[in-house]
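Since every read-out is calculated from the coordinates, none of them should be taken as a lab result. Computed from a prediction, not measured in an experiment: that's the story for all the values here. Heads up, the Cβs are rebuilt from the backbone with ideal geometry, glycines too, and the neighbour counts pull from every protein chain shown.
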Amino acid sequence: MKILIAVKRVADYNVKVRAKSDNTGPDLANVKMAINPFCEIAVEEAVRMKEAGVASEIVAVSIGPQAAQEQIRTALALGADRGIHVLTDAELEPLAVAKCFKALCDKETPDMVLLGKQAIDGDNNQTGQMIGALTGWSQATFASDINIEDGYATVVREVDAGLQTVKLKLPAVVTADLRLNEPRYASLPNIMKAKKKTIDNTSPEELGVDTAPRVTLLKAAPPPERQPGVKVEDVAELIDKLKNEAKVIA
Ligand code: AMP
């Protein structure tokens, strides 16, 4: 079984990202970048499937600037076999990303596309679903468990009401949720070995993908600053303030 895994380059989740002063977007100058955390979970799951003898090949795909090679290399150090870099300096919308994946699915004919449930930069949570729609393959989002058997994937999904188990015919698109696994760290020997693995380069143009945006970003601004609180002397004063100042109790 061949798996395509998506690895997006995003600002490290520990970084407090600020909006640019002209409100045109986040200020990413000199910010530490990393693999999107949910993509790390997708990589880990694919590697575990390979270790269990279920997967035979893992191909790590990143769509982004030249520097996105770093995230592909990290995925290779974690256990992916080879990489595909779709080079673009544009910040693609989920539809354009999904179209690139659809083109790669036509070329690579994987049995599964495994993505993160969302990228922590745009919080779109759309790409996996759109790949499902464009390929016509079965899909399961928010996976917390995946089991492959006889050409089917049984996926436990995290839904509002609890856990939903679905059975998908392969090929399928699956997006990873937080509890699917705990990703490992890349070891130094594996980081060295990853340098020898192949990364093929392509572009949205070469894949025949129209990347024209459908959405206009009007403004990116920080959330309003939280106002400082006050200390009250006793419960009576607290109740008085809640009643008469905040007016949240009658
Ligand atoms: P989103 O729909 O933007 O929240 O992204 C959902 C998932 O799609 C992410 O967790 C990634 O696995 C994948 N993805 C989105 N954009 C890219 C990209 N530029 N390169 C690789 N994978 C991506």
Note to self: For the stretch 1-50 and the stretch 146-197, what is the centre-to-centre distance using only Cα atoms, to the nearest Å?
What the structure shows: 17
Item checked: Charge dipole (debye, nearest 20) of the chain; +1 at Cβ of Lys and Arg, -1 at Cβ of Asp and Glu -> 360
Next item on the list: Taking the Cα centre of the stretch 127-250 as origin, sum charge times position over the Cβ atoms of Lys and Arg (+1) and Asp and Glu (-1), and report the length of that vector in debye to the nearest 20.
Entry: 380
Margin query: I want the antiparallel fraction of DSSP beta bridges within the chain, as a percent rounded to 5.
Written below: 40
Next item on the list: Calculate one ³J(HN,Hα) per residue across the stretch 174-186 by plugging θ = phi - 60° into the Karplus curve 6.51 cos²θ - 1.76 cosθ + 1.60, and present them in order as whole Hz with x for glycine and proline.
Entry: 10, 10, 8, 9, 4, 8, 4, 5, 10, x, 7, 9, 6
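Could you order peptides 127-139, 221-233, 33-45 by the average number of other Cβ atoms within 10 Å of their residues, highest first? Let's see the in-between values first.
On the way: 127-139: 19.9, 221-233: 7.2, 33-45: 23.6.
Per-residue Cβ counts within 10 Å, averaged per peptide and sorted highest first, yield 33-45, 127-139, 221-233.
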Notebook entry, point to check: How much mean residue ellipticity at 222 nm does the chain get from its helices, if each DSSP H run of length 4 or more adds -39500 (n - 2.57) and you divide by all residues, to the nearest 500 deg cm²/dmol?
Noted result: -8000 deg cm²/dmol
